[in-house]
Amino acid sequence: MKRRTVIGGLGAAVAVPAIATFMSNEAMASGASTSSASSSSSGALVFDKDAYTELTTTITTDAGDKSVTYHFYKAITYVTNPVDEKYQSLNVSVPVKIDGTAVDATRAPILFANSVGGYMPSSVADATGVGGAEMTGTPGGGAPTASASASASASTGSGEVESGGNAQVDGQGGMVSNAKLGLAAGYVVVEPGARGRTLVDSSGTYYGTAPAAIVDLKAAVKYVRFNKGRIPGNTDRIVSSGTSAGGALSALLGASGDSPLYAKYLKALGAADASDAIFASGDWCPITDLEHADMAYEWNWGANKLGSGSLVDQTVSKELSTAFTEYQASLKLRAKGFGALTARNLDDHLLETYLRPAATKYLKSLSETARSTYLAANTFITWAGGKATFTWADFLTHVGARKKDTPAFDAFDLSAGENNLFGAGTTQARHFTLYSLRHEGSGSARLAGDLPEKLTLMNPMPFLAKRNPSRAKHWWIRVGTKDSDTSLSVVGNLAASLEGLGDDVNAAMYWDSGHGANDDAADFITWIAKVTGHKTKVTTRTK
């Protein structure tokens, strides 16, 4: 029989069974693999349905404020042999009442919302409720942990260190949380933590570099699926979401489901014996395809100046842009009305498929007066027949300053966050492209032997090229048109790859929005119900 304790005067019902305890500070600092005696058995991975706190919160949605009462399961370690439980744990939130009406979430979709930003560590350990996971090294996020701070220099380079799953911005500039909106819609919400690139132990070893983050998220999915019938929600209808680096990891989860390439890493952690495939993937401004990101960035933003008004090294920019031509051809992508997508017609494809429709949607949403004012200030747009048209060159001028110098990701001086992501052992940062490696050294230098595999493990594109049968078949992909954290071709190529496989792809861009934008969050929540076939089950109304 479940025993409950009322905490303070809040009336929160708390089940007595203990939630996973954390390692001592010393063990955590060393990054050592420590676990209790019970963690050595598979029983440690059995979800305890009674170990929850009952909470009530008010969540603002497009339909108004909703009062949601839910069961909150905190900091559950999802592997039996964790390296660092502070990060290798997850929270589960299960709605039981919405606006006073009881809700049955037994078969509800599971929103798997990661909060990774900048490939930094992400922990749910200190969250006090749904949507409470903070991201280190990001605007509005929490301060880095002691172990992360030890390598702060690696988190302040030119690499991507922006917002993650719980720090998105809506079209009005307000903060939006997919996790909270999912709970308000009656979905079960799982928020996983994951190791990140800046974690370093007392011996100077980096234990959160590639592929730690994706391995951890896969292990968390395995935990959820292993607990089918115990954990509330439909474990066959897991929908991931993430933004920026978190968006890249969400896309990677979708593309690489059940790939044997991760088996040795998952086995070492003592991951549950279950599938890590997900049903659908929500990806906002994914910072991915990193080994080709420098090339793509210069193809897209090479003509744009930096915020200081200066041009980047034009020789480097042109060399990288030229290299992109060969890479784009190697993808062998096609699009309706364009045929083969090459570096020569990719700009037209992005214009016709994403950019002009985004501008059109935005302008249609304005009042006649506001639209006239906007068009008067942006004369490069031709507005006729209810549609916006403009050229690629004019669009680039409209965006203005590029965010990153060149190379944008594999920095010559190893200062980018991605250099740290591909560090190993006691080496904080490494080159991961031949271009940057050879620019700084011998023209015949070769990448470290472990990098080809790690690059593949961090990139969804190779799994799509091989038509991974266990990939997600439903995709929601978004990016702002003024987001110069990476090339817009990344989203275009990801979507084209998936469409070529016959998957259900809902991809779009947000006009004039920047990095981390989520301008149609309510539509994403509705989309989840549509693709999963879910209808919220309402039972009796509580007076």
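The values are calculated or read from the model by the stated rules, or taken from the named source; none is laboratory data. Computed from a predicted structure; not experimentally measured. Glycine gets a Cβ as well: all are built from the backbone with ideal geometry, and neighbour counts include every protein chain shown. Surface accessibility is based on the protein's heavy atoms, side chains included, excluding ligands, DNA and RNA. Shrake-Rupley method; radii C 1.70, N 1.55, O 1.52, S 1.80 Å.
Descriptive notes on the structure:
- Principal axis extents of the Cα atoms in the stretch 440-508, from largest to smallest and rounded to whole angstrom, are 45, 34, 15.
- Gain on full extension, evaluated as 0.36 nm per residue between Gln314 and Ala329 minus their Cα-Cα distance, stands at 3.1 nm.
- Value in Å of the Kirkwood radius, where the stretch 83-132 supplies the Cα pairs that are averaged: 13.1 Å
- Take the Cα of His439, go 7 Å toward its beta carbon, and the backbone nitrogen atoms of the stretch 270-297 under 17 Å from that spot belong to 290-297.
- Inter-label distance for Thr106 and Asp126, nm, one decimal - labels placed 7 Å from Cα along Cα-to-Cβ: 3.9 nm
- Taking the DSSP bridge list for the stretch 388-543 and keeping only pairs wholly inside it, about 10 percent are antiparallel.
- A simple count of charges around Gly500, restricted to other residues whose Cβ falls under 15 Å of its Cβ and scoring Lys, Arg +1 and Asp, Glu -1, yields +4.
- A 1.4 Å probe run over the stretch 231-274, with the rest of the protein chains in place, finds 27 Å² accessible per residue.
- Dipole magnitude of the stretch 435-543, debye to nearest 20 (Cβ charges: Lys/Arg +1, Asp/Glu -1, about Cα centre): 660 debye
- For the stretch 346-402, carbon and sulfur atoms together expose 53% of the accessible surface, with a 1.4 angstrom probe and every protein chain in place.
- Debye log10 I(q)/I(0) at q = 0.10, 0.17, 0.20, 0.22 Å⁻¹ for the stretch 181-312, Cα point scatterers: -0.43, -0.97, -1.19, -1.35
- Based on protein heavy atoms only, the stretch 459-517 ends up with 28 Å² per residue of surface accessible to a 1.4 Å probe.
- Label zone (Lys264, point 7 Å along Cα-to-C-beta; backbone nitrogen cut-off 13 Å) within the stretch 199-217: 211.
- Per-peptide average of other Cβ atoms within 10 Å, ordering 278-288, 379-389 highest first: 278-288, 379-389
- Cα centroid separation - the stretch 45-103 against the stretch 327-395, whole Å: 41 Å
- Efficiency of FRET between Ser67 and Thr382 - r from beta-carbon atoms, R0 51 angstrom, step 0.05: 0.60
- Radius, Kirkwood style, for the stretch 249-333 when every pair of distinct Cα atoms is counted (Å): 16.0 Å
- Scattering from the stretch 324-448 was approximated by placing one identical point on each alpha carbon and applying the Debye formula without solvent; log10 I(q)/I(0) at 0.11, 0.14 1/Å stands at -0.63, -0.84.
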